[in-house]
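Structure, as structure tokens:
The values are calculated or read from the model by the stated rules, or taken from the named source; none is laboratory data. These numbers come from a predicted model, not from an experiment. We place every Cβ from the backbone using ideal geometry, glycine too, and count neighbours over all the protein chains shown.
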Amino acid sequence: MIKRLKTAAPLATLFVAIVWFGVLIRKILENAAILAGDPGAASVALDVSAFWSAARLMLDGMPTAAFDAEAMARVQANTGVGRGYALQWLYPPALLVLLAPLGMLNFIAAWIALMSVSLVAFHAALRRLLPSWRMITLLTLLSPATLICALAGQLTMLFAAAALFGFAALMRGHDVRGGVWLALVTLKPQLGLAFPVALIASRSWRLLGIGTAMILLLTLAPLPLVGTDYWARWFDAVSVHDDVARHFVRYDLYFMTWRHLFALAGLGGAAPVLGWGMTLAIIAAVALGWRRPAAPIDLRAALLLFAMIGALPFAFLYEVLFALTGSVVLLRAAWSPDGGAAGHAWARPFSAAVFGALWFGPLLPMAEAAPAAFVVLPPTLVGLIGTLVLIRRAGAAQAAPAVPL
């Protein structure tokens, strides 16, 4: 039986790869055909439109025009396949500077370039964490979660790669390198909300200082290039983002926060209170798990990755990649001989089940068969609770593994 599974696994991976790239190439060709009559326009149906349009405005010497809906709409001129509004730019100045080269390409080329870099970076991060786990690496790289990112032209693979590089560095005892990588995750600010809670709870003052210094550098250094009023414009844009996002035609299907889940479940006026309650409980779980600095770092990393969605004020389906990445780290903790959960027999089937649920789950909202909140948040919460139990059972006396992976 084992021999048959080992023989079938490469064929299954090849099939997944063919489907993954086939779906993406079809999407690219569809948009290329739409844009054939106007190569300078972008399809507003794709998130990468915001990145490309902002990059164009940056290169034209108008970086803060990225916060102007009319200016963005003029760049995103092709509205034939999209919604009735232009996608917004809602990111810090350092990311705008980093993405500026996309503005030198046409829309399709920029989309392909961004996704190629994202795949290479995420693959490198997975290999750094799991150098001998080629099959899991490929299955994660070619998962529905990454396909969602590629189809939308989202940056989530890059942020997940930065998180993995950071945690892999911490596993090797490299605080400076780890702090720099984790600080890069905050280029999408809401993704880092649980990080200071974890570092303060574990009294990782050196790591917190490194991360804070890097964030300050990313915050202030680009201002001569983008203008000193950039942050004021950013806060104004973010303050109205949630109301704008609700006009998104697939909002109920793809949006996933606990508040949204409770609202979809028919809890009405109680949904906001219950949602905030879940968010606070998840943040408390992070503090509880990270307050044991001697607990295995791979388990604490998995806990933080599982918590990222629950701690977000708003999250879309593509952010399931953080939960899936958490399940990969949990697999490493359960199945590697030096993993933090290696001594617990139930951890292996548990980690495999969570990985499977988060790998297959996004297929349902992609097929418009179920809302993302219903298929992503429950297994993410199960993964978080199970990881917290493993951390508690690891005991304060267990040293964090610092051997090469």
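Numbers for the structure displayed
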item: Selection count where residues are farther than 18 Å from PHE195 by Cα and not in a helix (DSSP H, G or I), scope the range 313-336; result: 2
item: Residue ID - farthest from THR279 (Cα to Cα), chosen from residues in the range 385-405 that are among the small types (Gly, Ala, Ser) and modelled with pLDDT under 50; result: ALA402
item: Subset of the range 156-171 (residues that are of a type in the set (A, V, I, L, M), buried (at least 24 other Cβ atoms within 10 Å of the Cβ) and in contact (Cβ under 8 Å) with a residue 60 or more places away in the chain); result: MET157, ALA160, ALA163, LEU164, ALA168, MET171
item: Leading residue by the ranking (modelled with the lowest pLDDT) among those in the range 100-122 that are buried (at least 22 other Cβ atoms within 10 Å of the Cβ) and under 13 Å from ARG56 (Cβ atoms); result: PHE107
item: Every pair of residues 6+ apart whose Cβ atoms lie under 7 Å, when the first sits in the range 172-185 and is without any contact (Cβ under 8 Å) to a residue 60 or more places away in the chain while the second is of a type in the set (Val, Ile, Thr) and part of a helix (DSSP H, G or I); result: ASP175/ILE210; VAL176/ILE210; GLY179/ILE210; VAL180/ILE210; ALA183/ILE215
item: Residue among VAL382, VAL376 that alone is surrounded by 14 or more Cβ atoms within 10 Å (Cβ to Cβ), over 22 Å from THR137 (Cα atoms) and at pLDDT 95 or above; result: VAL382
item: Close pairs from the range 115-136: first more than 14 Å from PHE165 (Cβ to Cβ), partner in a helix (DSSP H, G or I) and among the polar types (S, T, N, Q), Cβ under 7 Å, at least 6 apart; result: MET135/THR13
item: Yes/no for PRO349 being in a helix (DSSP H, G or I), over 25 Å from PRO293 (Cβ atoms) and in contact (Cβ under 8 Å) with a residue 12 or more places away in the chain; result: no
item: Those residues of the range 352-362 which are assigned to a helix (DSSP H, G or I) and surrounded by 16 or more Cβ atoms within 10 Å (Cβ to Cβ), in sequence order; result: VAL354, PHE355, ALA357, LEU358, TRP359
item: Lone unmet requirement of (1) modelled with pLDDT of 95 or more; (2) out of contact with any helix residue (DSSP H, G or I) (no Cβ under 6 Å at 6 or more places or on another chain) for ARG134; result: (1)
item: Where a residue in the range 367-382 is farther than 11 Å from PHE255 by Cβ and its partner, wherever it lies, is among the polar types (S, T, N, Q) and part of a helix (DSSP H, G or I), with Cβ under 9 Å and at least six apart; result: PRO379/SER327; THR380/SER327
item: Of all residues making up the range 269-312, the number that are within 12 Å of the chain's Cα centre (by Cα), in a loop (DSSP other than H, G, I, E, B) and under 11 Å from ALA198 (Cβ atoms); result: 0
item: The range 321-343 residues that are farther than 27 Å from MET256 by Cβ, paired with ones that are hydroxyl-bearing (Ser, Thr, Tyr) (beta carbon under 8 Å, 6 or more apart); result: TRP335/SER351; ALA342/SER336
item: Filter result for the condition that a residue is at pLDDT 85 or above and either over 22 Å from ILE282 (Cα atoms) or not in a helix (DSSP H, G or I) (or both), over LEU208, LEU217; result: LEU217
item: Inter-residue pairs, beta-carbon under 9 Å, first in contact (Cβ under 8 Å) with a residue 24 or more places away in the chain and under 16 Å from PHE67 (Cα atoms) and in the range 207-236, second part of a helix (DSSP H, G or I) and among the basic types (Lys, Arg), 6+ apart; result: GLY227/ARG233
